[in-house]
Amino acid sequence: MRANFLRLPLLLALFGLEAAGCTPPLVTRIGGDCRTTNDCTSGLVCIDSRCEKPCRAPADCGTGFVCTGEICVQSASIEAPCEGGCATGQSCVQGRCLCSPESCALGCCVSNQCIEVSDASCGANGSVCVACGGLTPTCIGGVCTSACDASACGLGCCSPGGCQPGLADTACGVSAACVDCTSSGAGHKCLNGQCACTSEADCEALRVCIGSTGRCSADCSGGQACRDGCCAGAGCRPGIEQTACGPAGGVCTDCTTNPQGRRCANGACGCADNADCVTSAHGSECLGGVCGCAASDDCPLGQACNQATHQCSSSCAGGLVCNGGCCDLTDHCVGGTGAAACGSAGALCKSCAGNSAGDECVNVGAGVRDCGCVSSPDCSDPKQPVCRGTGQCGCDVAADCPAGQACDTTTHTCEADCGAGRLCNGCCNGIDCLSGTANDQCGTTGGSCFSCQALTDNKACTTPAQAIGANRCGCTTASTHCSSLKACRSGLCSTNCSPVGGGANLACNGGCCDGSACQPGTSAGACGPIGGNCSACSGQASNKTCVNRACGCTAPSHCTASQCCSTFTDLCSAGNTQHACGNGGLMCDDCGARTCLGADDPGPGTNVVNACQCTVGGSPTQCSSMSSGTACQNGPGSTDFCGCNSAVNCSAGTCTRDPTNTVGICL
């Protein structure tokens, strides 16, 4: 039968069936002849030119077949004889030596060989050997089981109950002992065989999930959220402490300095009463569980309360009132102690520069600060020139005001109006204050003005050195402020011109001072220039009379016997000069352009003293007014002089001839 079956392909070829496209039918019977597995029906393979069904266990074979030597064979044909016998661990099955349950009862079969059972070759009763691994790494009783040690589970993990896939949260690992991640500090999730986390919910309390590593950690410095707590710098805290308060997964806050309040409640800083808001920057009142303000008094000094937000800040925009200090031009609360921004009680700040009350910011009482002064230089307003005892610029008395103004003691300001009983620093002309120093408007402080110019004497408005402000009519110079023959003595006109405290005589108006009283200065007994000293001319040897307020002569009698009186200078002269030429007891002649000849000159003769030169035969009037004589005498040599021939030629004196009786001169 087998030989015929093997010849079937040849017969088909002979009859041309293959050429005609006829395909042999597939072998469907176990044990049928074949050339390749393609000749066998599905589920069978061609082994040793027979279509066989592979098996690993009896269950792989159908009814009437057993799994022997890794193939299914009919159970009734196992006892068929094999030529030459079979090796140890084999039995003859259908004429072939195979590893079978009968021949390999204590082992397993690999390539028709009976193999001793191990983890690498596991089986029993001649079944096909299997290499244990993965989640069943241990061969026990010919079967791969999950029994394991730490590294025997392949990519799984070893638990007390055996190998596990290593992917469960309660049994997690790779080629190692299983770990229960639900109690692991690294994370409660099993990811890739390791305990890890995907969020803080996978971590123990007060730990964070580090995203970059997938591990839980106590360090939250990277900004990760803590489980069941808040992050305080680098570590997680429960979030219920005063110094580390915060919601789960949030950031911890130190409530001791938090403006919301010093108390930690429900993971947030807040307050239970006002005591928790003592240091709060938002306000000292506990409002609805958080610190805030209801009025400016609830805020720290230098801040204002925003009624909309109930929070304090330095902003005073929109008319907010500052607690202390004042609101400056930039809408911010400031201390109010500087001259540039002065104020108190939350009012608007003032600039004290040029302020009438004073250039400085001062305390004006009861903690109130306002523009004022420390000293009078701080007062720049001329109407309020003095720093008063109140620390405000103004005036209290007339002397506090500039000259020509009055102090209004109600408003404490200086005014030009001297009505309503205001006393002037100067004098009042009935309407306005004047300085009281003008000659036509003179007066003492608080008095009426009067005109000094209308007086005969003391026409100047003066202020005695010993009585400043007590202006009076007086004098500073006699010539302008005093009447004739009076001197200005100690500021008042007087006829007494004697020295004051030593020194020179005082100047007299219109006269001279004789040392005690003013004199006209035109008499021989008291002669002198206006404003100068008097001289007693009559007591002198020459120049015995007063000529043009100076001692001089108008006649020969005012001179000594040897002098002539010059009409040219009104002074007594020796008579030997060109304009005062003559002899004693006579008036001097003015020779004009001619020479005055003296006793030593040739001409007049030994008895002639002085005479003007003339020319005999010249103008008949050249000697007409000469006191030496009206006749031109021909003197010795070529020197001619005015002289006399007889008494007719002399206007005064006697015509005296020289010894030779040749010439004469009036003496």
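Taking a virtual spin label 7 Å from the Cα of Ala275 along the C-beta vector, which residues in the stretch 235-267 bring their backbone nitrogen under 15 Å of it?
Correct set: 262-264.
Hey, which aspartates and glutamates would be in cross-link range of Lys189, C-alpha to C-alpha under 16 Å, not counting anything within fewer than 8 residues on its own chain?
Result set, ordered by chain and number: Asp169, Asp180, Glu200, Asp202, Glu204.
Could you let me know the centre-to-centre spacing of the stretch 415-439 and the stretch 559-594, using Cα atoms, in angstrom?
When both Cα centres are located, 67 Å separates them.
With each pseudo-label sitting 7 Å past Cα toward Cβ, what's the Ser111-Leu329 distance in nm, one decimal?
10.7
Which net charge results for the neighbourhood of Val143, defined as the other residues with beta-carbon distances under 14 angstrom from its beta-carbon, given Lys and Arg at +1 and Asp and Glu at -1? Walk me through the numbers on the way to the answer.
Details: positive: Arg56; negative: Asp119.
Result for the local shell: 0.
With angles folded into 0 to 90 degrees, how steeply does helix 2-14 sit against the dominant principal axis of the chain? Use alpha carbons for both and round to 10.
The helix 2-14 is inclined about 70 degrees to the chain.
Of the listed peptides 372-382, 510-520, what is their order by residue-averaged count of other C-beta atoms within 10 Å, with the highest listed first? Walk me through the intermediate numbers first.
On the way: 372-382: 16.8, 510-520: 21.2.
My ranking of the peptides, most packed first, is 510-520, 372-382.
Counting only C-alpha contacts under 8 Å and six or more residues apart, can you give the relative contact order of the chain as a whole percent?
On the way: 1940 pairs, mean separation 17.1, N = 667.
For the chain, the relative contact order is 3 percent.
Averaged over all directions, how much area does the convex hull of the C-alpha atoms of the stretch 312-470 cover when projected, in nm²?
Details: hull surface 45.8 nm².
So the mean shadow area of the Cα hull is 11.5 nm².
Where Rh denotes the Kirkwood radius from the mean inverse Cα pair distance, what is Rg over Rh for the chain?
Numbers: Rg = 76.9 Å, Rh = 43.2 Å.
Computed over Cα atoms, the ratio is 1.78.
For Ser625, what is the net charge nearby, where nearby means another residue's Cβ is under 11 Å from its Cβ and Lys, Arg count +1, Asp, Glu -1? Walk me through the numbers on the way to the answer.
On the way: positive: none; negative: Asp589, Asp590.
With Lys, Arg at +1 and Asp, Glu at -1, the net is -2.
Modelling each spin label as a point 7 Å along the Cα-to-Cβ direction, I'd like the Thr182/Ser49 distance in nm, to one decimal.
Rounded to a tenth, the inter-label distance reads 6.5 nm.
Would you mind checking which residues have amide H under 5 Å from Gly235's amide H? H placed 1.01 Å from N; only 5 or more apart, or other chain.
Those lying under 5 Å, H to H, from Gly235 are Cys220.
Roughly how many Å² is the accessible area per residue of the chain, as a whole number, for a 1.4 Å probe? Working shown, then result.
Details: 32590 Å² over 667 residues.
Per residue, the chain has 49 Å² of solvent-accessible surface.
Just tell me which lysines come within less than 30 Å, Cα to Cα, of Lys486; anything on the same chain fewer than 8 places away is out.
Lys459, Lys544
Sketch the reach of a paramagnetic label on Ser484 as a point 7 Å from Cα along Cα-to-Cβ, and name the residues of the stretch 533-551 whose backbone nitrogen lies under 17 Å away.
Backbone N within reach: 548-549.
Label points 7 Å out from Cα along the Cβ direction at Ser212 and Ala647: separation in nm?
15.8
Given contacts defined as C-alpha pairs under 8 Å and at least six residues apart, what's the relative contact order of the stretch 85-200, whole-number percent? Provide the component values of the computation, followed by the final result.
Numbers: 319 pairs, mean separation 14.7, N = 116.
Dividing the mean separation by the residue count of the stretch 85-200 yields 13 percent.
Applying the Karplus parametrisation 6.51 cos²θ - 1.76 cosθ + 1.60 with θ = phi - 60° to the phi angles of the stretch 307-318, what ³J(HN,Hα) value in whole Hz is obtained for each residue in order, glycine and proline being reported as x?
5, 6, 9, 6, 10, 8, 7, 6, 7, 10, 5, x
Under 5 Å between amide hydrogens, which residues at least 5 positions from Gly162 or on another chain qualify, with H placed 1.01 Å from N in the peptide plane?
none
I want the local charge near Ala186. Using Cβ-Cβ distances under 11 Å, sum +1 for each Lys or Arg and -1 for each Asp or Glu among the other residues.
Values: positive: Lys189, Arg207, Arg215; negative: Asp202, Glu204.
Value of the local net charge: +1.
Can you run phi through the Karplus equation (6.51, -1.76, 1.60; θ = phi - 60°) for the stretch 100-108 and list ³J(HN,Hα) in whole Hz, with x for Gly and Pro?
Working through the residues one at a time gives 9, x, 6, 8, 9, 5, 9, x, 9 Hz.
Could you state the number of Å between the C-alpha centres of the stretch 139-156 and the stretch 327-377?
Taking the Cα centre of each part, the stretch 327-377 and the stretch 139-156 sit 94 Å apart.
Please list, in order along the stretch 515-522, the HN-Hα scalar couplings obtained from phi with the Karplus expression 6.51 cos²θ - 1.76 cosθ + 1.60 (θ = phi - 60°), rounded to whole Hz, x for Gly and Pro.
Those phi angles translate into x, 9, 9, 6, 10, x, x, 10 Hz.
Going by amide H atoms built from the backbone, whose H comes under 5 Å of the H on Ile240, apart from near neighbours?
So Ile240 has HN proximity to Gly246.
Find how much the distance from Ser315 to Thr621 grows on full extension, using 0.36 nm per residue of separation minus their present alpha carbon separation; answer in nm with one decimal.
Difference between extended and current length: 98.5 nm.
Would you mind calculating the relative contact order of the stretch 188-258 from Cα pairs under 8 angstrom and at least 6 residues apart, reporting the percent as a whole number? Show your work: numbers first, answer last.
On the way: 176 pairs, mean separation 14.6, N = 71.
This gives 21 percent for the stretch 188-258.
Under unit Cβ charges (Lys, Arg +1; Asp, Glu -1), what dipole magnitude, rounded to 20 debye, does the chain have relative to its Cα centre? It would help to have the intermediate numbers written out before the result.
Values: 28 positive and 50 negative charges, 267 e Å.
Using Cβ point charges on Lys, Arg, Asp and Glu, the chain gives about 1280 debye.
The values are calculated or read from the model by the stated rules, or taken from the named source; none is laboratory data. Treat the numbers as computed from the prediction; the structure is a model and nothing was measured. With ideal geometry, Cβ positions are generated from the backbone for all residues, glycine too; neighbour counts draw on all protein chains shown. These accessible areas exclude ligands, DNA and RNA; they are computed on the full protein's heavy atoms, side chains included. Shrake-Rupley method; radii C 1.70, N 1.55, O 1.52, S 1.80 Å.
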